[in-house]
Amino acid sequence: MAGGTSYVLPNGLSPERTTWHFRAPEGPPVPLTGANSDQPLDLLPPHLAALLAGGEAQAILSCSRRVVEEEVLAYRLVDHRVRILHGARSARTRDDLAKSDWMVQSLDAPVVGTAEIATSGWRSIEPASHPGRLDRF
């Protein structure tokens, strides 16, 4: 059974849009590919990641022949406020991606209410034919 909580924010909010420019470290060049982390916030500039530490975060890397794209979506609830961040960058190669600018949308807003996400009235479909799918009665 699935469930959850929906957080209500005030009307009329709009995210702040910023760009974080990559600055290469001083010293001899180092290869930028091959860096791995299990923490999506490690991909972001430290000053952005610090605001969301302790929250939830997901990262997606997608590659095609023409473009490599990376996205991070994160949020953190603190004292009846929510901080939300969506960061994205793209380039032609993974090496170039590591040096590309982050386009960031962020929001820091009060939570004015909550609502439980109800799953009553939903039933599971045959697991063998459609695993994880739910249908309304």
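The values are calculated or read from the model by the stated rules, or taken from the named source; none is laboratory data. None of the values given here were measured: they were computed from a predicted structure. SASA here: full protein model, heavy atoms, side chains in, ligands and nucleic acids out. Shrake-Rupley method; radii C 1.70, N 1.55, O 1.52, S 1.80 Å.
Near the amide H of residue 9, within less than 5 Å, lie the amide hydrogens of 112, all on another chain or at least 5 residues away, with H placed in the peptide plane.
Taking amide H as placed 1.01 Å from N in the peptide plane, the amide H of residue 101 sits under 5 Å from that of 22, each at least 5 places away or on another chain. Across the stretch 90-100, rounded Karplus estimates of 3J(HN,Hα) from the backbone phi angles (6.51 cos²θ - 1.76 cosθ + 1.60, θ = phi - 60°) give 8, 6, 7, 9, 5, 4, 5, 4, 4, 9, 7 Hz, Gly and Pro being marked x.
Residue 106 contributes an accessible area of around 40 Å² to the protein surface, as traced by a 1.4 Å probe with all chains present. Close amide H pairs (under 5 Å, H built 1.01 Å from N) link residue 82 with 109, 111, residues at least 5 positions away or on another chain.
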